[in-house]
């Protein structure tokens, strides 16, 4: 017995994106976009908040996320008998995963092409456990900034994304916590728990500090 679904349900829209004619596909894609664009944009602008124009950058992330999603969905299949509420969560997780890769690529492209300037300077990232701890050289030298950039580049993409998300919310030190939305995004994007996110963040910061201060000990 087939389960009847509403023509505005996620299951129906994904089916039309996969199997509809040209007109049905366009209509389904438009409805799908309207349902999830706000969700993706909110997560994207939050992760881009340490750039000069986070709204512009986030819009590019949203656009490219849906382009890749619409390329992927024709090969995507829900399990039999799934309810629309569960399908909604699965699609959000999928968009989060796609959006995370798009976000990292977009930010890397902007940094490499110098198309925007970061509002947060390197020295403003609180990578110290103790806020009273300072570098021996003031202001922070180009050598240190190069070390910091090198340390970030040495991290796995997942760990780099976690650290940058914490930095974007000014929550690098252990006394502050990122917002529930940001943590939900990280857990969804990397398919893990909040406890694991915090552990990965701590290990990543330990690696950064070790590399940045290895010659100052």
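Tell me, which residue of the range 46-74 that is assigned to a helix (DSSP H, G or I), at pLDDT below 90 and more than 14 Å from the chain's Cα centre (by Cα) is surrounded by the most Cβ atoms within 10 Å (Cβ to Cβ)?
Within the range 46-74, the match that is surrounded by the most Cβ atoms within 10 Å (Cβ to Cβ) is 56.
Which of the residues belonging to the range 28-44 are within 16 Å of residue 96 (Cβ to Cβ) and without any contact (Cβ under 8 Å) to a residue 12 or more places away in the chain?
38
Output the number of the condition that residue 118 fails; it satisfies all remaining conditions of (1) modelled with pLDDT of 85 or more; (2) more than 25 Å from residue 20 (Cβ to Cβ).
(1) is the only condition that residue 118 fails.
The values are calculated or read from the model by the stated rules, or taken from the named source; none is laboratory data. All figures in this text were calculated on a predicted structure; none of them were measured in a lab. Backbone-built Cβ (ideal geometry, glycine too); neighbour counts: all protein chains shown.
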